Amino acid sequence: MVNLIKHCIFLLFVGVLTGCAIDVSSSSYLYQDASTQPIDVTALSKSISRDEAVATITKVELKNSLDLTLNGVAVTYPHAIANVVLFADNEMSITKNSAMLHEFGQLPVNVLWVDYQGTGASEKASRVRMYQLKRDALLIFDFAKHHFKNNLPTVVHGISMGSILASYVAVKRDIDGLVLDSAINKVNDVVANMVPSWTHLFTILKVSPELAIIENEDFVRQFDRPLLLVVGDKDRTTPITFSRELYEASPSPDKWIYVVPGGKHNKSMTYPDVKGQYRLFIRAVRRLKGARS
């Protein structure tokens with residue numbers, strides 16, 4: 001997401017000077033690293049040791065439909081109450097954010113996180129496209145179901161841009177619960193939210209058709225199992241209104257929205273009260289999964 005902000009600021013400056021349109025394409029919206037780097041989970045290991053916890057860290061490797069190697073990490077805990085498949089935000093790599101995985105371990109849940117193609121440790125294509133990330137998301141979910149060989153409920157958790165992929169998986173696969181964290185509804189709204197209103201006099205925003213048609217609400221309307229939305233009240237990138245739109249659109253009889261006091265973008269899992277809400281959510285997911293069995 002930071003990459004998009006920088007890109008928009010640059011284009012905004014050019015647009016103000018020239019009065020031209022600002023084009024936002026998949027290549028400018030979806031972050032790509034210059035080169036791949038091996039996964040480093042030192043921060044995760046330190047977090048686990050600091051809590052005197054026990055966990056197994058397994059590095060995983062997947063091949064996608066483009067024959068790209070996607071690399072990730074699966075972390076398992078002895079007394080896990082669920083399995084979580086994590087889809088992170090734009091620009092979030094495992095190496096730079098591995099300590100966050102233990103925030104999930106404190107619930108405790110098993111968690112799988114795979115770097116997006118072109119990000120962190122995963123190989124990249126000549127051009128990244130959103131529909132390719134959706135295909136990868138299904139691959140990652142299917143891998144998780146095979147990797148976590150247990151009867152625990154499976155929860156898909158999406159952070160910001162990852163919320164789009166999480167919702168997509170939720171309607172394409174049989175999952176037990178969905179968590180949308182700092183959620184996006186329409187990409188158009190995210191882009192417009194980053195551009196000051198006074199610049200509208202000088203520029204016109206043009207979002208590529210592939211991105212413009214994305215409305216997370218379309219996926220959420222098709223999902224009727226437990227849903228938890230989490231958003232910080234200080235989130236300026238994906239404000240509360242985005243999450244409220246998705247909450248209202250959801251047909252689920254078991255849905256919750258939690259606004260984190262003082263919460264900022266992408267930081268939800270670092271707040272103790274969020275972990276408390278998450279545990280209550282998983283308790284409901286387990287109960288409802290048992291009722292369906």
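Each reported figure results from applying straightforward, stated rules to the coordinates on display, with no laboratory input. Model, not experiment: these values are computed from the prediction. Note: ideal-geometry Cβ built from the backbone for every residue, glycine included; neighbour counts use all protein chains shown.
Computed from Cα atoms alone, the Kirkwood hydrodynamic radius reported for the stretch 135-179 is 10.6 Å. Distance from the Cα centroid of the stretch 43-99 to that of the stretch 123-151 is 14 Å (rounded to whole angstrom).
Taking 18 Å as the cut-off, the amide N atoms of the stretch 211-248 that come nearer than this to a point 7 Å along the Cα-to-beta-carbon line of residue 125 belong to 211-214.
With the simple spin-label model, which puts each label point 7 Å out from Cα in the Cβ direction, the residue 46 to residue 147 separation comes to 2.4 nm. Our compactness index for the stretch 43-91, the C-alpha radius of gyration over the empirical 2.2 N^0.38 Å, is 1.41.
Amide H contacts under 5 Å for residue 258: 229, 230, 231, restricted to partners 5 or more places along the chain or on a different chain, H placed in the peptide plane at 1.01 Å from N. Along its first, second and third principal axes, ordered by size, the stretch 91-182 spans 39, 30, 26 Å in Cα coordinates. In whole angstrom, the stretch 224-271 maps to an equivalent ellipsoid with semi-axes of 20, 11, 7, each derived as √(5λ) from the alpha carbon gyration tensor and ordered largest first. The phi-based Karplus calculation (6.51 cos²θ - 1.76 cosθ + 1.60; θ = phi - 60°) puts the 3J(HN,Hα) values of the stretch 229-241 at 10, 10, 8, x, 6, 10, 6, 9, 7, 10, x, 3, 4 Hz, whole numbers, x for Gly and Pro. Among 293, 268, 49, 252, the order by Cβ neighbours within 10 angstrom, fewest to most, reads 293, 49, 252, 268. Paramagnetic label reach from residue 292 (point 7 Å along Cα→Cβ; backbone nitrogen cut-off under 11 Å): within the stretch 135-163, residues 153-155. Counting every alpha-carbon pair across the stretch 67-128, the share separated by more than 17 Å comes to 40%. With K and R counted +1 and D and E -1, the other residues having a Cβ less than 14 Å from that of residue 162 yield a net charge of -4. At what distance in angstrom do the alpha carbon centres of the stretch 154-174 and the stretch 218-293 lie from each other? Between the Cα centres of the stretch 154-174 and the stretch 218-293 lies a distance of 12 Å.
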